[in-house]
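Each remark here refers to the structure printed beneath this line.
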Amino acid sequence: MTTFLSQNVERLQAPEIDYGAVAPLLIVLGAACLSVLFEAFLPKVQRWAAQVVLTLLTLAAAGAGLVVYASGEGTPEQGKLTLAGTIAVDRPVIFLWGTLLLLGLGAVLLIADRSVEPGGAFVADASILPGQGSQVYKGSGSTMVQTRAHATRFGMQTEVFPLTLFALGGMMVFVAANDLLTMFIALEVLSLPLYLMCGLARRRRLLSQEAAVKYFLLGAFASAFFLYGVALLYGYAGSVKLADIANATTATDRSDTLLYAGFGLLVVGLLFKASVGPFHAWTPDVYQGSPTPVTAFMAACTKVAAFGGILRVLYGAFERSSWEWNGVLWGVAIASMVIGAVLGLTQTDVKRMIAYSSVAHAGFLLIGAISLNDQGLSGTMFYLMAYGFTTIAAFGIVSLVRNGDGEATHLSQWAGLAKRSPVVAGVFTFLLLALAGLPLTSGFVGKFVVFAAAVEAGMVPLVVIALVASAVAAFFYLRVIVLMYFSEPAPDGPTVSVPGAFTTVAITLGAAITLVLGVYPSFALDWAGAGTFIF
């Protein structure tokens, strides 16, 4: 036995780790663990400030590490496989990591704000039942001052900060995973914190808890589909590495049944996380019920992570067999665009409307992903960046329109908003026009480059359908603009809160980048198109 153990120990070698390549990832996950210790040992009155400082410093340090690595010579251009080949750090991954860190910054600013909602958007204790504690403050004048003071003293659930960092770290691993098992672990690391965060709203506790339960249950099914697909693909290829699966799809006498079944189940899990129709059932309810900062985080960062994973899987494992599955994903893209555009017309809640808008945009993004050319890769990544910043700014605006019950998200409550706050209405109008894809906005450039890639790949009929869906979807954006500018505000209508510094920076950052990417997109497009995946 001793001889057997010694012989096998000699064969074991520690995997090579390029610490410079994975430094941003290690910083985020390490800070998440440190943030948990803050929760355990710091007095409650000190936690909010300490968590905000730690989270912002973490994002800055991770961003600095990414810039240092990306500006190096040689290795960033060629890409690097590290951690025994389970993580690939190449140019697309560097772009996606940078996008996630910037979007994470905007989301963290919204999460940290405690001025728009007294005490913050998150309940002070997750065990507080609906109708109890700090979720109830109504009235005006001295009564509202007292309730604001009570809410501030009662605090907020600062555990949301380590949960955010863990979710962000999982997203970064997800887009860089070089095998399906690592991708599944990353999927769980990014998903489990989000399930918890959805149920932490200070207001409307029942709706928030319902959103968390729906997201958890449907997410569990999606994870099961994903894992079962991984098992079938392992049975087909004898490996979970993307490159090995790609090699197995060519010049093999294996039965294609495992390949088709495994691919189908795997893609269902990925499309669920990306909220692509018809796998979108969770999206409107979760967007509506979650705390608005969490909704912004999911809508922006989770979309980037999910489509980053889809791009990696399609380009890495299934590009050579694209003729077998391309028609199926054509149908999925069409379904997503039609569902998002048509059902978005029927919505009377702003957050649900943006949720169906995200379903339509997921269909547009899927067109770029299945183009399987360099222009499709760079165009899809640019679209993800553009959509993410616009969405974070839009949800920041949504959090400002309030009444005695909290956020006023019913469309009828937005009537005449331009007369109450011309600045807020003007910024929201610009963001809606960007989502509609009008020129001089990032949304127009994003759709243009994705559709151009699809035309180059010979998918002209799909692009025509996408243009029609874009025109239909533009109607419900314009409906909100008309409502804000050409309707009379109700006498007892909502007020527009003055945003705190954090929310102001988040909205300004999102709106400014939306404008810059619409007017001068070449630098981001060049960055997105600087390289290809390595496997």
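We did not get these values from a lab; they are worked out from the coordinates using the rules stated. On a predicted model such as this, the values are computed, not experimentally measured, just so you know. Cβ atoms come from the backbone with ideal geometry, glycine included; neighbour counts cover every protein chain shown.
At-a-glance table
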{"item": "So Thr257, is it closer than 26 Å to Phe389 by Cα and β-branched (Val, Ile, Thr)", "result": "no"}
{"item": "Boolean, Leu343 is surrounded by fewer than 24 Cβ atoms within 10 Å (Cβ to Cβ) and in a loop (DSSP other than H, G, I, E, B)", "result": "no"}
{"item": "Yes/no for Gly437 being under 20 Å from the mean Cα position of the chain (by Cα), farther than 22 Å from Thr503 by Cα and touching a residue at least 12 places away in the same chain (Cβ under 8 Å)", "result": "yes"}
{"item": "Options Ala299, Ala246, Ala231: the member that is of a type in the set (A, V, I, L, M) and farther than 30 Å from Leu163 by Cα", "result": "Ala246"}
{"item": "Residues (outside any helix (DSSP H, G or I) and hydroxyl-bearing (Ser, Thr, Tyr)) located in region 311-340", "result": "Ser321"}
{"item": "Any hit, region 269-276, residues being part of a helix (DSSP H, G or I), buried (at least 24 other Cβ atoms within 10 Å of the Cβ) and in contact with a strand residue (DSSP E or B) (Cβ under 8 Å, 6 or more places away or on another chain)", "result": "no"}
{"item": "In region 220-271, the residues that are polar (S, T, N, Q) and within 23 Å of Phe535 (Cα to Cα)", "result": "Ser239, Asn247, Thr249, Thr250, Thr252"}
{"item": "Residue, surrounded by the most Cβ atoms within 10 Å (Cβ to Cβ), within region 200-225, restricted to residues that are of a type in the set (Phe, Trp, Tyr) and farther than 10 Å from Asp285 by Cβ", "result": "Phe225"}
{"item": "Unique residue being aliphatic (A, V, I, L, M) and farther than 24 Å from Leu81 by Cα when the list is Ala222, Ala177", "result": "Ala222"}
{"item": "Test for Phe184: is it under 26 Å from Asp18 (Cα atoms) and under 21 Å from the mean Cα position of the chain (by Cα)", "result": "yes"}
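Table: residues versus (1) within 23 Å of Val304 (Cα to Cα); (2) out of contact with any Asp or Glu (no Cβ under 9 Å at 6 or more places or on another chain); (3) outside any loop (DSSP other than H, G, I, E, B).
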{"residue": "Leu432", "(1), (2), (3)": "yes, yes, yes"}
{"residue": "Gly458", "(1), (2), (3)": "no, yes, no"}
{"residue": "Leu483", "(1), (2), (3)": "no, yes, yes"}
{"residue": "Asp492", "(1), (2), (3)": "no, yes, no"}
{"residue": "Thr508", "(1), (2), (3)": "yes, yes, yes"}
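Per-residue answers, yes or no, for (1) more than 13 Å from the chain's Cα centre (by Cα); (2) of a type in the set (Gly, Ala, Ser):
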{"position": "His361", "(1), (2)": "no, no"}
{"position": "Phe364", "(1), (2)": "yes, no"}
{"position": "Asp374", "(1), (2)": "yes, no"}
{"position": "Ser399", "(1), (2)": "yes, yes"}
